[in-house]
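The values are calculated or read from the model by the stated rules, or taken from the named source; none is laboratory data. What you are looking at is a predicted structure, and each value in this text was computed from that prediction instead of being measured. Cβ placement follows ideal geometry from the backbone for every residue including glycine, while neighbour counts extend to all protein chains displayed. Remember, those area values only see protein heavy atoms, side chains included, never the ligands or the DNA or RNA. Shrake-Rupley method; radii C 1.70, N 1.55, O 1.52, S 1.80 Å.
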Amino acid sequence: MSSWNVNDQRVPQGRLTLFSYLSVAFVILLLVGFWKLQVVQSGHYSDLAEKNGIRSIPIIAPRGAMLDREGRVLVDSYPSFSILLLRDNRKLVQKYLPEIESGLGISAEDLNSQLEAAKTEPRFMPVIIKPEASEADLAFVESHRSDIPVLDLMMVQRRHYPYGEMLASAIGYVGEVSAQELEQSDGRYAPGDIVGKAGLEKEYNGQLEGTDGMRRVVVNSVGKVMRTLDNVQPIPGKPIQLTIDYDLQKVAEQDMEGKEGAVVAMDAHTGAILAMVSRPTFNPNDFAVRIPPREWKQLNTDPETPLLNRAIQAQLAPGSVFKIVMATAMLESKAIPPTYTVYCPGQATFYGRVFHCDHAHGEVDLHKAIVASCDVYFYHVGQMLGIDRISYFANALGLGHLTGIDLPGEEPGLIPSEQWVERVYHHKWYPGSTISVSIGQGSVMVTPIQLARMITAVASGGNLVQPHLLKDDTDVKITRFPISQNTVDQVTQGMWGVVNEPDGTTSELVKLKDIDFCGKTGTAQTMSYDLEHRLGKHIKENGWFVGYEPRENPDIVVAALVQGAGWGSFVAPIVRDVVKAYYDKKNGVISPPATSTAENSAPSGVSHSLVAAAGAPGASASAALRSTGGRAGVVNAEAAGAQRP
């Protein structure tokens, strides 16, 4: 019985051999098929797969608005459309480049350079080839969606500066991220991203920029969106509130129209900047969309340097405003009696050289020397103090140092000393140079904001406040350099006399009724008397005036510079107007801002209907184009809680 069972279960040898051959053949066929798919026909199937794929479209986050101290909009963003080039399929991109160039008016050179800049980015990331699409551009993209599937539209938030050049040097501008910034960003930025490039836009870029969102969609072979996979909404940037007072800014801007120079108005107690003007300047709206290389070169080579913020970067001789430092050094050092007098015949000789005064003042004491700005008096004071003592007090009062204002690119100025001249010029200090320094000439260089801070320190008994533009800045420092009350009284009484006494250098022309307005004029030569005499021509001096109110412990200080203005007395009315506006507003003469919320305006000449019809950020423009009869444009970006002046 057992023998039968064994024989019954045995498989014939022939069948086993056949099964083995069939198995081997089947495996070989599978391997051949895999090889054909993966190697021979890989390109064909790759192309088929790419025709139906997932597309990632970034949704750009709007930058935060900038508001003045009362919540009025100074800078905002408005929605617009950019044109994207989809690089998923390299062959298709190359195929349609000529049509894209002609249809959108983009040069082949520009288009290729943008593709070259993005070559290190993943291919699924599109390239922005036209940041600001016109109505014609939008119509071209929409009407050629099936013909040119490598183009798409992206809603973006474009920066808008409603007041153009107003406050431009302080606000700064935005632009596309540079290659260096890309390298240093650790993948945070991609080519075409917009970042702050200058001014407050750069200083507070981290707060102002938001977090971009992303829309992932499935598209077919002609680029038509089949369905949306997910939609991550962007996080808008945070708005910042500035210390700027729009009303004072407007007054200062109007007074500086057509002039070359700067104005800085500062709260003397806190260092808050109430107004900042630099002229000539630029329009930051020119940078909101990619600025043409020709315009950029023009701005950088312009001899009037419109990109220079003169309020913090113009390093110039202060002229007679420096006499306030000299008077403070004279009284605080006690090296010279406070009753010291000099006879001024209109000139004086030191070390074999004649130094001039604007006219003969006769017998002069310290008060008259400040009021009438007598050079001869301060020549003698400078000779007796010596350069190192002058340098010590000038540095202690903040000159020759950065003020610490929250703006990039501030310059420190220069206060010369024996050590400085030995380090830089490798020779000893010439005593004759001290005479020029004592009236704010020679190697002395300051900025307008430094002079505002210095005058504040003297009038307040030694408080050096840190200027700032961010209203809620909690990291503001106040440095103390104690000045005796006797010095404060004598020096501030002299500055009161400059404005209010008949012999003052402003000739009482800027007196303000019921306002304790004080100040100091400065007239700084840009060429020496001797050189002017040899050349036979006169170059107009730079005019300075620094004014404040009240006489001691001031509330507001304003420094103004007008290059080529001549006498400092010609600059004084600018400061007077700003101080008057400050008190007019305080007393209710200037109406307070409206309490209603206002919309921020988009650039003029554009339609407001497209974006409203397009809906949420990242939506297609096709529905909007249909609803507007093919016309495209942008809509106002509403600034919640913000007011318009």
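Would you compute, for the Cα atoms of region 312-454, the largest minus smallest coordinate along each principal axis and list the three values in descending order, in whole Å?
Over region 312-454, Cα extents along the principal axes are 47, 34, 28 Å.
GLN233 versus ARG294, label points 7 Å from Cα toward the beta carbon: distance in nm?
4.4 nm
Stretched out fully, how many nm does the piece from THR211 to GLU132 gain, at 0.36 nm a residue minus the Cα gap?
26.4 nm is the gain from fully extending THR211 to GLU132.
For region 347-489, give the percent of accessible area contributed by carbon and sulfur heavy atoms, probe 1.4 Å, rounded to a whole number.
50 percent
Would you please state which residues of region 148-173 a label at GLU257 would reach in this model, taking the label point 7 Å out along Cα→Cβ and a backbone N cut-off of under 14 Å?
165-166
Using a Cα-Cα cut-off of under 20 Å, which aspartates and glutamates could be cross-linked to LYS334, ignoring same-chain neighbours fewer than 8 residues away?
ASP365, ASP388, ASP489
Might you tell me the accessible area per residue for region 407-475, computed with a 1.4 Å probe and given in Å²?
On the way: 2590 Å² over 69 residues.
For region 407-475, the solvent-accessible area averages 38 Å² per residue.
For the pair GLN38 and ASP473, what calculated FRET efficiency results from E = 1/(1 + (r/R0)^6), where r is the Cβ-Cβ distance and R0 = 45 Å, to the nearest 0.05?
According to the calculation, E is roughly 0.15.
Quote the relative contact order of region 56-241 in percent (integer), defining contacts as alpha-carbon pairs under 8 Å separated by 6+ residues.
On the way: 348 pairs, mean separation 62.8, N = 186.
Relative contact order here is 34 percent.
Return the FRET efficiency for the residue pair LEU509, VAL424: r is the Cβ-Cβ distance, R0 is 41 Å, and the value is rounded to the nearest 0.05. Write out the running numbers ahead of the final one.
Working: r = 41 Å, r/R0 = 1.01.
With a Förster radius of 41 Å, E is 0.50.
Given H placed 1.01 Å from N in the peptide plane, which residues other than close sequence neighbours of GLY261 have an amide H under 5 Å from its amide H?
ARG279, GLN563
Between LEU414 and LEU30, 0.36 nm times their residue separation minus their Cα-Cα distance comes to what?
Residue separation times 0.36 nm, minus the Cα-Cα distance, leaves 130.0 nm.
Taking the alpha-carbon distance from LYS95 and a cut-off under 20 Å, which lysines remain once sequence neighbours fewer than 8 residues away in the same chain are dropped?
Filter leaves LYS51, LYS119, LYS130, LYS224.
At 1.4 Å probe size, with the rest of the protein present, what percent of the exposed accessible area of region 133-247 is carbon and sulfur atoms?
Looking at region 133-247 in its full context, I get 48 percent from C and S.
Extension gain GLN94-ARG480, at 0.36 nm per residue separation less the Cα-Cα distance, in nm?
Values: separation 386, 0.36 × 386 = 138.96 nm, distance 6.67 nm.
In short, 132.3 nm is gained.
What does the accessible area per residue of region 56-241 come to in Å², with a 1.4 Å probe and no ligands, DNA or RNA counted?
That works out to 43 Å² for each residue.
Sorted from largest to smallest, which semi-axis lengths in Å does the alpha carbon gyration tensor of region 56-241 give for its equivalent ellipsoid, taking the root of 5 times each eigenvalue? All intermediate terms of the calculation are to be shown ahead of the outcome.
Values: eigenvalues 192, 59, 56 Å².
Each semi-axis is the square root of five times an eigenvalue, giving 31, 17, 17 Å.
Can you work out ³J(HN,Hα) from phi for every residue in region 311-320, in order, using Karplus 6.51 cos²θ - 1.76 cosθ + 1.60 and θ = phi - 60°, giving whole Hz and x for Gly and Pro?
Values per residue, Gly and Pro as x: 5, 10, 10, 7, 9, 9, 5, x, x, 5 Hz.
Using θ = phi - 60° and the Karplus relation 6.51 cos²θ - 1.76 cosθ + 1.60, list the HN-Hα couplings for region 134-147 in order, rounded to whole Hz, with x at every Gly or Pro.
Result, ordered by residue: 7, 4, 5, 4, 4, 5, 5, 5, 5, 7, 10, 4, 7, 7 Hz.
Hey, can you grab everything whose amide H is under 5 Å from the amide H of LYS130? Only 5+ residues off in sequence or another chain; H modelled, so Pro and N-termini drop out.
ILE83
I need the trypsin sites (Lys or Arg not before Pro) found in region 102-191, filtered to DSSP loop residues with at most 15 other beta carbons within 10 Å of theirs.
LYS119, ARG123, ARG188
State whether region 312-373 is rounded, prolate or oblate according to the following rule on the C-alpha gyration tensor (a ≥ b ≥ c being the square roots of its eigenvalues): a/c under 1.5 gives rounded; otherwise a/b larger than b/c gives prolate, and the remaining case gives oblate. Don't jump to the answer; show the numbers that get you there.
Details: a/c = 1.67, a/b = 1.14, b/c = 1.47.
Because a/c hits 1.5 or more and a/b fails to exceed b/c, region 312-373 counts as oblate.
Place the peptides 420-432, 438-450, 325-337 in order of packing, highest mean first, counting for every residue the other Cβ atoms within 10 Å and averaging per peptide.
Result, highest mean first: 438-450, 325-337, 420-432.
Pick out, in residue order, every one of the GluC sites (Glu not before Pro) in region 252-283 that is DSSP loop and has at most 10 other C-beta atoms within 10 Å; say none if there are none.
GLU257
Give me, ordered by chain and number, the residues 5 or more places off ASP555 or on other chains with an amide H under 5 Å from its own placed amide H.
Here GLU549 satisfy the definition.
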